[in-house]
Each structure stands twice: as C-alpha cells, then as structure tokens.
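Structure first, then comments.
Throughout, read-outs are computed from the coordinates displayed, never taken from laboratory work. Worth saying up front: this structure is predicted, and the values here are computed from it rather than measured. As a convention, Cβ positions derive from the backbone with ideal geometry for all residues, glycine included, and neighbour counts pool all protein chains shown.
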Amino acid sequence: MATNSPPTTLPEQEESPPPAARSLKSRVLHAGSWTLVGYGISQVLRLGSNLIMTRLLIPEMFGVMAIANIILFGLALFSDFGLGQSIIQSRRGEDPVFLNTAWVVQILRGAVLWTLAMLIALGLYLAGAYHLLPAGSAYANSILPYVILALSFSALFSGFESNKLALARRKMELGRVTQIELASQIIALIFMLGWALVSKTIWVLVAGALFASVVRVILSHTLLSGPKNKLSWDQESFREIIGYGKWVFLSSILGFLVASGDRLMLGGLVDAKILGLYSIAFMMISSIQQVAAKLIDNISFPLLSEILRDKPEQLLSKYYKLRVPIDLVLLFLTGMLFFSGRVIITALYDARYASAGPMLEVLSLALFETRFGVTGQYYMARGTPKLLIPLIGCRLLPLYIVLPIIFKYYGFDGALWVIATNSFISIPLTYYLKKVNGILDIKRELMVLPALPIGTLVGKCLAMLLS
C-alpha cells in the first residue's frame, strides 16, 4: 500500500486514534465541522469570485455559462452509476480490487462524457448555422458550442480523480478532502483573476473551470492516503457496482431533469441576459442547497450506512438527530430570504443585477423541501435508491408541461413561481414513504416548523434596515 506524505504547510489530519477506534459521535462531529467550515469558506470564495466577475463581465456571459454547465452536468448525471456511493455503501468498499475496478469504470465514463459533449457542441453549431434554434434565446448564442467544447475536457480530466476521495468519505475523514476542494477552488480563482486583468471575456470562466479540474485530479492522488489506483478489472466487483448503480443511474437522470429543468426550459424561452440574471439568484439559493447537500452526503449517507450495517435499532433516533438541525436552518432561511432577497442583491451587486432580487425571494421557497435530503440518503444507504424515482419523477410534469404554458400566459414571473414551488408536489409522497419505511415521527416533524415564522420576522427586519 502506497502512502504519500502531505506538505508540511497544510494542517495535519488526526492520525491517532485510528478512525475505526473513534466513537461514532466523534467521527460525525469531526466530519460535520470539516464540512461546515470547508464548505462555508468555499461558498464565500464562490460568492467573492462571482461578485468580482460580475463587475468585469456582462450578464450575457453568465447566461451562456449557465447553459454550458447544465449540459455538462446533465451528461454527468445521465452516466452516473453511483461509483462513489457504491464505495461508501458496499461491504467491499475498502477492498483494493473493488476500488481499482471502480476507478477503471470512472475513467471510461469520463471518456464517454467527453465524446458526447463534443457531439452536442457540434450539433448546436450546426443547428445555429441552419437557424434551427429559437432566435434570441441563450441556445442560439454563437459562442455556446465553443464553450461546451472547451468545458468537455473537464469531464475527461475528472475521470482520472482518485477514488481515495470516496474512501475518505466512507470513513468520514474529511480533513484532506476539504483541503483538496478548497485548494483547487483558490488556485482556479487566482488563475481567473490573473486572466481577467488581461482579457475580459467568457474564456476567463471556462479556463477557471478547466484549471480547477486538473488541480483536483492531481491533489486527489497526492494528498490522500490509501491504496494507489491501478488499471485492473474484477468482474464480480463490476457486477456489484452495476447492480447497485442501475437505480442510481435512473434516479440521477430524473434528478438532472428536475434540478436543471428550470434553466433548460428558460434557455429556450428567454434571452441570455435574463438567464444570466436568473443564474445569479439561482446561484445564491443553490449555494445554500449545496451546503445542506454536502452535510447530508458527507455525514448522513456514511453514518446511516454504518448504522444499517451494525446498529439498525438506533436508526430512527439517529435519523432525526441528523434532520432537526438541517430543518431548523433551512426553514429559517426560507422565511428570511423570502422577505429580504431584494435588499441582499442590492447590497452585493451593481444596478445591472437588481432584477435578480425578486427572483431570489421567490426561489427561496425551494429551500422548504431541500431539508428532506436526509430521507433520500436513507434510501441510498439501505440499498433501495429505487424509492427516489417516484419522488423525483412526480416533479417532471410541472417543469416540462406546466412551465411553458404558464410562461405563455403570465410571462417570466409566472414561470418563476412554477419553478420555486415545483418541489412541493413531492412532499405528500415523501411523508407516505417515510411512514411505510418506519422513519416518520409527527411530533418531531412539527417541532421544527416555528423556525419558518422566525425567519420571516428576521427577513422583514433586515429588509427595513437595509432599504
């Protein structure tokens, strides 16, 4: 087993006692603190970068990047077989044979994504040349195919990431993982700022994304301890990965169609400027959602997997211990942002981006449902990701059928309300499945709801103070 020593300039990870010997509570607190601190810094850097770039670049550039990123993100989810989840959930997740097989699958997946992205770029170029795209829409922007072509290399690079990252998450050892994520983000930000001083074009954003991918790949192999990845194949491991991943694959496809349906549909209905403004508001809401998702992915999934393997009798109490703090924060932020989004945008951005304020307020309603992410991770940990399919699938109709109809009669503002409230349709089914699977406690579900009116009061006060 090869082990690489990290540079002395980075903080040392805890080496003693070994993870297996530490209590479950200790590991959860350790993982949670790293996740919160690391991702908090990450979002500050992301917001700072966004604030700087919005002053250097025009809104249309962010609209084009939003479409390009959605396409790459969609391709990634359309080929997601849950490789990282398989390593965390499987009893063989620390077996080098299993890890190496998963790595080879990951590399092949990256190559396929790269090829598909290039074909999409070619298709958009030809569609634009023959005037087959909606005139004035973000999809018709002449530079979009070239941006997608360039960004496609990030998928190829990412295929070579070490699955030591997934192994560290399995053990809830998130110190080095957090350092890698922050280092790649900081180095890419410095690179973008240097480029932006010379040339204020969309290629600043493209180059930053590619540079971050390369840095992350290098650091994933050099800063994490664990078995060195090798090109090897084991048919039994492959069958286990595919057996678990087939449901992850289907739920990921539906998840992409739901999570990105707003921008996919708006890209054909509005111009790049409006989409760019929407992407600013969406970025602020998605930052909160991603913090919650990071906590849920890095703590809930490995914790619930371990409990289901070793101590299933503790499931209900541990489930709600994970849920309650996440619920309180997200409900508070839902109420606060709904009444203060305009003043927040006005305080952070210049006058060109003021229209993103009302969008932020409406989109904040989506946070109400985000808190049920722990429930989804329970189904993943239990090996039943197929239960996620109806929860995700029921949201497709409003986005792809109702949204364009509402847009036709009520314009962008009406479509915005469809997007913000779309997730509400899955809440009754969520509670039904929770009851069927023995993870529903009505008292605990109700006790967190006062956080919503408290957030509303704080939001109104904030709006009065800043207006």
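Quick one: order Ser90, Ser317 by neighbouring beta-carbon count within 10 Å, fewest to most.
Values: Ser90 19, Ser317 12.
Least to most surrounded, the residues fall as Ser317, Ser90.
Net charge within 15 Å of Ala138 by Cβ-Cβ distance, Lys/Arg positive one each and Asp/Glu negative one each, not counting Ala138 itself?
My count for the surroundings of Ala138 gives -1.
Span-like helices, the chain: DSSP H, alpha-carbon axial extent 20 Å or more, mean Kyte-Doolittle -0.5 or greater, which ones?
24-56, 59-78, 96-129, 144-158, 175-198, 203-222, 235-259, 272-295, 315-348, 451-466
Evaluated at 37 °C with a viscosity of 0.692 mPa s, what Stokes-Einstein diffusion coefficient in µm²/s does the chain have when Rh comes from the Kirkwood expression over alpha-carbon pairs?
141 µm²/s
What list do you get for Leu193, Leu275 if you sort them by fewest beta carbons within 10 Å?
Leu193, Leu275
Can you tell me how the stretch 419-467 classifies by the Cα gyration tensor, rounded, prolate or oblate, using a/c under 1.5 as the rounded cut?
Cα axes put the stretch 419-467 in the oblate bin.
Could you tell me which of Ile442, Gln185, Val343 has its Cα farthest along the dipole of the chain towards the positive end, charges placed at Cβ (Lys, Arg +1; Asp, Glu -1), taken about the Cα centre?
Sorting the options by dipole projection puts first Ile442.
What nm value, rounded to one decimal, do you get for the distance between Asp441 and Arg352 when each label is placed 7 Å out toward the C-beta?
Going by the 7 Å Cα→Cβ label model, 5.1 nm.
What would the Debye formula give as log10 I(q)/I(0) at q = 0.17, 0.18, 0.21 Å⁻¹ for the alpha-carbon point model of the stretch 328-406, no solvent?
-0.86, -0.90, -0.98
Can you sort Leu399, Leu348 so the residue with the fewest Cβ neighbours within 10 Å comes first?
Leu348, Leu399
Could you tell me which of rounded, prolate or oblate describes the stretch 360-467, using a ≥ b ≥ c as the square roots of the eigenvalues of the alpha-carbon gyration tensor, with rounded for a/c under 1.5 and, failing that, prolate when a/b is larger than b/c and oblate otherwise? Provide the component values of the computation, followed by the final result.
Details: a/c = 2.85, a/b = 1.22, b/c = 2.34.
The shape class here is oblate.
For the chain, what does the relative contact order come out to in percent, with C-alpha contacts under 8 Å and a separation of six or more?
Relative CO of the chain lands at 22 percent.
Check cross-link reach from Lys435 to the lysines: straight Cα distance under 27 Å, and skip same-chain residues fewer than eight apart.
Answer for Lys435, where 27 Å is the Cα cut-off: Lys25, Lys246, Lys294, Lys311, Lys318, Lys321, Lys386, Lys443, listed by chain and number.
Compute the Cα gyration tensor for the stretch 192-300, then decide on rounded, prolate or oblate, letting a ≥ b ≥ c be the square roots of its eigenvalues: rounded whenever a/c is under 1.5, prolate when a/b is larger than b/c in the other cases, and oblate in all that remain.
In terms of gyration-tensor shape, oblate.
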